[in-house]
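Comments concern the structure below.
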Amino acid sequence: MGFKRDTYNADAFKFHLNLYGLLSMHYDKTEVVPVDFTTRLHALKEKIDGDIFIQAGISSEELVAEIDNALAVTEEVNAKVAN
């Protein structure tokens with residue numbers, strides 16, 4: 001599919017270029033809404049099925065410990081964002 005000269009509109013191109021450029025500049029200055037991962041991490045921890053880990057011959061303790069570490073970091077970040 002080639003370039004069709006009859007569909008190109010220089011004014012429309014310039015308008016869209018300016019519009020999306022201005023939107024990009026606006027979004028670049030917009031603060032990001034903080035995301036709280038503690039709810040999802042607690043839900044993940046509750047969903048761990050120890051029987052599956054036992055059947056696989058491995059321990060779920062490391063996973064639980066890493067979730068606890070992530071929760072601690074998340075709560076620390078949430079406290080900083082709240083202040």
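Computed with every protein chain present, the accessible area of residue 48 is close to 40 Å² [probe 1.4 Å].
Rolling a 1.4 Å probe over the protein heavy atoms gives the chain an accessible area of 93 Å² per residue. Its alpha carbons considered, the chain gives a radius of gyration followed by a Dmax of 24.8, 68 Å.
Summing Lys, Arg as +1 and Asp, Glu as -1, what charge do residues with Cβ under 14 Å from the Cβ of residue 74 carry, residue 74 excluded?
-2
Can you tell which of 13, 83, 55 lies farthest toward the positive end of the dipole of the chain, using +1 and -1 charges on the Cβ of basic and acidic side chains (Lys, Arg; Asp, Glu)? Result: 13. Separation of the range 60-83 and the range 1-54, taken as the distance between their Cα centroids, equals 25 angstrom. Of the solvent-accessible surface of the chain, computed with a 1.4 Å probe over protein heavy atoms with every protein chain present, carbon and sulfur atoms account for 59 percent.
The values are calculated or read from the model by the stated rules, or taken from the named source; none is laboratory data. Not measured: the values here are computed from a predicted model. Positions of Cβ are generated from backbone atoms using ideal geometry, with glycine treated the same way; all protein chains shown enter the neighbour counts. Heavy atoms of the whole protein, side chains included, go into the accessibility calculation; ligands, DNA and RNA do not. Shrake-Rupley method; radii C 1.70, N 1.55, O 1.52, S 1.80 Å.
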